[in-house]
Structures are given as structure tokens and as C-alpha cells.
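To start, the structure itself, in C-alpha cells.
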Amino acid sequence: MVHYPNALVEIAEKSIVKNSEGTKIAEYDFDNPLESFRADVQPNALTQYQIDLYGINDRTAETKKVFYTGAIHMKSGNRARVTFDDGGVGTYTICPPNKWRVHCEALLIPVENEGA
């Protein structure tokens with residue numbers, strides 16, 4: 001029951017690679033996403049519990065809630081690149097999704113200091 005699909009969501013899985021100094025780092029390959037789909041992505045007001053749980057230090061953080069159906073790679077820890085119909089793009093960490101009978105939803109926490 002996705003009401004208004006207003007964005008393209010692309011999912012990437014974490015892989016551990018070594019950088020030029022030999023340090024292991026997490027990398028997300030959005031050039032070859034695991035899947036992509038249209039979804040309804042809306043602003044989300046955080047509760048104090050969510051702020052504490054996810055280590056967010058700003059209640060006005062650009063968190064989003066995504067409503068979708070059928071996406072199998074929307075998993076906690078994966079990343080989502082969201083391209084909004086108005087041209088905006090953001091990269092987010094996926095929090096554990098809630099799966100309902102007719103749709104699913106997940107909280108998206110913005111990734112700081114990384115390009116989309």
C-alpha cells in the first residue's frame with residue numbers, strides 16, 4: 001500500500017575492502033545496486049528513543065521513512081541511495097524494517113560526510 005511513489009531507491013550491501021594504506025574499510029557499490037525500486041519516501045520526526053538507539057545527536061536530522069512493497073534487500077545495515085523526483089539525492093543507512101501484511105516501512109538515517 002505505497003501511496004505516492006516519489007523516489008527511486010537503490011540498495012547496496014556492505015563489503016569490506018582494503019584502502020591504499022591497507023586499512024579495512026566498508027564500501028557500498030551503488031554502480032551495481034542489489035535492487036532498485038520506486039517508493040514513497042517521507043520526512044520522519046524522531047522520538048527520543050530512536051535518537052538514543054541510533055546515536056543521532058540532532059532531533060532535526062534529515063531522517064526519512066520509506067514505504068515500499070516487495071524489496072528483499074531492505075535490510076538493517078545496508079545502504080540506500082534515494083533519488084527524489086525533485087532531483088534531490090541522499091545516501092542513508094537502513095534501520096530494521098517493519099513488515100506489514102500490505103506494505104513495509106523502514107527508517108533511513110542519513111550518512112554524513114559521504115557523497116551520494
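The values are calculated or read from the model by the stated rules, or taken from the named source; none is laboratory data. Source: prediction; values computed, not measured. Counting neighbours? That spans all protein chains shown, and the Cβs are built from the backbone with ideal geometry, glycine included.
Would a scan of segment 3-17 turn up a residue that is within 19 Å of V111 (Cα to Cα), charged (D, E, K, R) and modelled with pLDDT under 90? The answer is no; no qualifying residue exists.
Looking at the structure I just gave you, is N78 more than 9 Å from the chain's Cα centre (by Cα) and of a type outside the set (D, E, K, R)? In short, no.
For segment 1-25, name all the residues that are among the aliphatic types (A, V, I, L, M) and either surrounded by 14 or more Cβ atoms within 10 Å (Cβ to Cβ) or assigned to a loop (DSSP other than H, G, I, E, B) (or both). Reasoning before the result, please.
Here is the first cut: in segment 1-25, the residues among the aliphatic types (A, V, I, L, M) are 1-2, 7-9, 11-12, 16-17, 25.
Scanning segment 1-25 gives M1, V2, A7, L8, V9, I11, A12.
When the residues of segment 26-79 are filtered to those that are of a type in the set (F, W, Y) and surrounded by 14 or more Cβ atoms within 10 Å (Cβ to Cβ), the one that is modelled with the lowest pLDDT is Y54.
Filtered by the rule that a residue be out of contact with any Pro (no Cβ under 8 Å at 6 or more places or on another chain) and either assigned to a loop (DSSP other than H, G, I, E, B) or under 16 Å from I56 (Cβ atoms) (or both), segment 74-92 gives G77, N78, D85, D86, G87, G88.
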